[in-house]
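Here's the structure we're looking at; comments come further down.
The values are calculated or read from the model by the stated rules, or taken from the named source; none is laboratory data. The structure presented is a predicted model; accordingly, all values stated were derived computationally and were not measured. Here the Cβ positions follow ideal geometry from the backbone for every residue, glycine too, while neighbour counts run over all protein chains shown. Accessible surface areas use protein heavy atoms only, side chains included; no ligands, DNA or RNA. Shrake-Rupley method; radii C 1.70, N 1.55, O 1.52, S 1.80 Å.
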Amino acid sequence: MTALTIELVPAFDDNYIFLAYDREDGVAAVVDPGDEAPVLKRLEALGLTLTHIFNTHHHFDHTGANLALKDRFGLTIAGPKNEADKIPGIDIELGEGDRFTFGSHEAQIFDVPGHTAGHIGWWFERDEALFIGDTLFALGCGRLFEGTPAQMWDAMSRLRQLPPQTKVYCAHEYTMGNAAFAVTVEPGNQDLLNRVEDIKKMRADNIPTVPTTIGLEAATNPFMRPDSPNLQQTIGLDGGDLVAIFAETRTRKDQF
Ligand code: ZN
Ligand code: FE
């Protein structure tokens with residue numbers, strides 16, 4: 001099997017759209033296309049034709065170009081079953097436990113509600129890649145627009161059990177802002193402090209901080225670390241319930 005090639009396509013102010021393709025298999029997908037112009041430009045440079053759109057959730061910055069790209073390429077759109085009515089042009093509805101075949105590659109689908117009620121994640125196990133939309137960010141997690149802290153913590157706790165080398169393709173470059181918050185809730189985490197220095201250098205050189213990895217997030221992302229004694233002490237919930245600690249962390253970030 002040849003590896004899936006994955007590229008970032010920056011869009012809007014801080015979105016990342018992803019191209020995932022395998023020329024040998026003759027498949028090419030765009031993940032969460034909010035805007036068609038940067039996608040078309042990159043496809044032309046690569047000499048690629050799209051066969052699929054993969055959506056993670058219904059927000060416009062992730063689905064805005066669905067219909068235009070479907071019109072142009074006659075492609076297949078696969079997205080979340082639990083909010084299928086909000087996904088323009090959806091052909092294939094996917095939810096927890098489903099597997100999606102993409103050429104010689106395969107994704108496992110997770111339901112990760114919280115940011116939206118039907119949000120899904122796409123895990124290509126053999127390719128060690130996770131498309132996670134606005135659920136998990138580098139040093140952050142999505143805002144809870146349609147779900148509860150318990151749901152989002154459930155998603156985080158499952159994601160952190162994936163293999164640590166798994167590359168995490170998050171849909172926004174929010175990392176600097178997330179880093180500024182993270183150090184306020186877990187100031188004693190040396191791995192976090194080191195990472196923040198790395199991130200500052202990367203952003204100063206305009207280098208994307210995406211993809212990140214599960215291992216890096218498990219070690220430094222406060223939303224994956226409600227069991228950290230340092231975080232618990234900092235927010236005053238020492239030894240508390242993990243959902244309550246996660247919820248308090250999320251609330252503090254909303255107010256940060
Ligand atoms: Zn969103
Ligand atoms: Fe978004």
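So the values come out like this:
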item: Some residue of the stretch 83-94 being more than 17 Å from residue 213 (Cα to Cα), touching a strand residue (DSSP E or B) at 6+ places or on another chain (Cβ under 7 Å), within 16 Å of ligand 1 (Cβ to nearest atom) and without any contact (Cβ under 8 Å) to a residue 40 or more places away in the chain; result: yes
item: The stretch 59-70 - residue that is of a type outside the set (A, V, I, L, M) and surrounded by fewer than 23 Cβ atoms within 10 Å (Cβ to Cβ) and, of those, farthest from the chain's Cα centre (by Cα); result: 70
item: Every residue from the stretch 1-59 that is away from ligand 2 (no atom under 16 Å from the Cβ), within 17 Å of residue 69 (Cα to Cα) and aliphatic (A, V, I, L, M); result: 19, 20, 27, 28, 29, 37, 40, 43, 45, 46, 48, 50
item: Cross-chain or 6+ apart pairs with Cβ under 6 Å, the stretch 1-30 first and under 19 Å from residue 208 (Cβ atoms), then assigned to a strand (DSSP E or B) and of a type in the set (Asp, Glu); result: 4/22; 19/7
item: Those strands (runs of 3 or more DSSP E) lying entirely in the stretch 71-174 with at least 3 residues open to solvent by less than 20 Å² (accessible area, probe 1.4 Å), within 15 Å of ligand 2 (Cβ to nearest atom) and modelled with pLDDT under 95; result: none
item: Residue match in the stretch 99-113 (condition: among the β-branched types (Val, Ile, Thr) and within 16 Å of ligand 1 (Cβ to nearest atom)); result: yes
item: Residue that is within 20 Å of residue 168 (Cβ to Cβ) and without any contact (Cβ under 8 Å) to a residue 40 or more places away in the chain, where the choices are 64, 34; result: 34
item: Of all residues making up the stretch 1-48, the number that are surrounded by 14 or more Cβ atoms within 10 Å (Cβ to Cβ), assigned to a loop (DSSP other than H, G, I, E, B), more than 21 Å from the chain's Cα centre (by Cα) and not acidic (Asp, Glu); result: 1
